[in-house]
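No value in this document is a laboratory result; all are computed from the given coordinates. Quantities reported herein were computed from a predicted structural model and do not represent experimental measurements. Cβ sites come from the backbone with ideal geometry, for glycine too, and all protein chains shown count toward neighbours.
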């Protein structure tokens, strides 16, 4: 394979990975797994996972859970749904797994988040609210600061 062919293949792979990421963004509440995502773009699950991690810095499953937790945070801030209802509304089938992932990503349990954050973003424009409340899996120390 020439370097030109390799570059063309790389661009095709990136386009497929964007399709996978877009599908996760759209269908996060649906039952999705890496095998189904890989079938959708005619890749093996292992190849998809490797390439997705190279392109986006996390696995497809991790990205999916981040989207689910992000949506759960918004639902919990509304305050009109129970933690269990939110868990199922965002596509999680296990309350235990949902709570564990939520706590890993956000730093507090879903019930604590619901109590503490319910009114914290009241009156804030939605575009600002989304940025301020976005879950961040890997917090990195800015360059030049000791970690």
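As a rough guide to protection, the peptides 4-10, 100-106 ranked by mean Cβ packing within 10 Å, highest first, stand as 100-106, 4-10.
Label separation (residue 109 vs residue 71): 2.4 nm, computed from points 7 Å beyond Cα along the C-beta direction.
Relative to a virtual label point 7 Å from the Cα of residue 100 in the Cα→beta-carbon direction, which members of segment 14-48 show backbone nitrogen distances below 19 Å? Under cut-off, by backbone N: 32-34.
Using a simple spin-label model with pseudo-atoms 7 Å out from Cα toward Cβ, residue 27 and residue 1 lie 2.6 nm apart. The length gained by stretching the chain between residue 12 and residue 78 to full extension, at 0.36 nm per residue less their Cα-Cα distance, is 19.7 nm.
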